[in-house]
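J.: Got a structure for you, questions after.
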Amino acid sequence: MPPVYAHDPFLAVQHALAARWLDGPMLLATRACEGWVLIAVGIAWARIVDGRTRGRSLRLAALLGVALVLDGAAVDALKHALHLPRPLAVLGPGAVHVVAEPLRQYSFPSGHSSAAAALAVAAALARGARRAAPLLVLAAVGGISRVYVGAHWTIDVAAGWALGAVLALAVHGAAAAVRLRGGEALPGQAAADVER
């Protein structure tokens with residue numbers, strides 16, 4: 001077992017949540033955190049939040065898309081650089097409750113968790129945590145679902161959440177810098193404040 005996973009509470013979490021009636025909802029949560037689904041969710045969320053202003057909703061969707069693309073590239077690079085085994089490869093099929101397809105390699109970090117966190121944090125930074133609450137809940141439940149379905153260690157999920165959040169902060173900061181250079185007001189800031 002790689003040292004990073006030696007004290008991981010993966011089995012404790014799986015046993016604490018074990019309930020056959022949760023298999024379906026957890027599988028649904030895990031599928032909802034796949035990249036292509038998150039892109040659709042992000043576009044729909046941007047349309048709902050900024051639906052009256054088409055240009056504004058397109059800019060928001062673009063910001064979320066950049067966060068997701070950057071996150072996907074970072075996760076892919078880390079997975080291939082580290083090449084760490086998944087719980088099933090280390091603990092065996094008798095110990096791991098597997099709900100989705102049996103995965104054995106490229107465990108760290110959890111791409112589903114990272115992408116969901118990138119989307120949720122980018123949305124919260126752009127439009128506030130209250131408006132982004134459904135996306136934040138999806139990121140939390142989606143990450144837990146990755147442990148539940150047997151796809152990831154808990155440290156993979158925590159690292160994915162952290163990576164996604166950091167990348168969302170970076171994208172938000174870059175977008176804010178671009179807006180300031182262009183003289184555009186930031187959310188909650190009067191245009192006159194930008195000119196000073």
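The values are calculated or read from the model by the stated rules, or taken from the named source; none is laboratory data. Nothing here was measured: the structure is a model prediction, and the numbers come from that model. Cβ: placed from backbone, ideal geometry, glycine included. Neighbour counts: every protein chain shown.
J.: Quick check on this structure: which one of G55, G72 is of a type in the set (G, A, S) and over 16 Å from the mean Cα position of the chain (by Cα)?
T.: Going through G55, G72 in turn, just one is of a type in the set (G, A, S) and over 16 Å from the mean Cα position of the chain (by Cα): G55.
J.: In the range 132-159, how many residues are farther than 15 Å from L38 by Cα and either among the β-branched types (V, I, T) or modelled with pLDDT under 95 (or both)?
T.: Residues that pass the stated criteria total 6.
J.: From the list V166, V171, V121, V147, pick out the single residue that is of a type in the set (A, V, I, L, M) and farther than 14 Å from V66 by Cα.
T.: Numbers: V166 fails: farther than 14 Å from V66 by Cα; V171 fails: farther than 14 Å from V66 by Cα; V121 fails: farther than 14 Å from V66 by Cα.
Step by step, each of V166, V171, V121, V147 is checked, and only V147 is of a type in the set (A, V, I, L, M) and farther than 14 Å from V66 by Cα.
J.: Now, a different point. Test P93 against the stated conditions and say whether it is modelled with pLDDT of 95 or more, surrounded by fewer than 18 Cβ atoms within 10 Å (Cβ to Cβ), over 9 Å from the mean Cα position of the chain (by Cα) and of a type outside the set (G, A, S).
T.: When the stated conditions are applied, P93 does not pass them.
J.: I've got another one for you. For residues that are β-branched (V, I, T) and more than 20 Å from L125 (Cβ to Cβ), scanning just the range 22-58, find the one that is surrounded by the fewest Cβ atoms within 10 Å (Cβ to Cβ).
T.: Looking at residues that are β-branched (V, I, T) and more than 20 Å from L125 (Cβ to Cβ), I get V37.
J.: Mind checking which residues of the range 161-170 are surrounded by 19 or more Cβ atoms within 10 Å (Cβ to Cβ) and out of contact with any Asp or Glu (no Cβ under 9 Å at 6 or more places or on another chain)? Give the derivation first.
T.: Within the range 161-170, the subset surrounded by 19 or more Cβ atoms within 10 Å (Cβ to Cβ) is 161, 163-165, 167-168.
Selection gives W161, A165.
J.: Considering each of A132, A122 in turn, give the residue that is of a type in the set (A, V, I, L, M) and in contact with a His (Cβ under 9 Å, 6 or more places away or on another chain).
T.: A122
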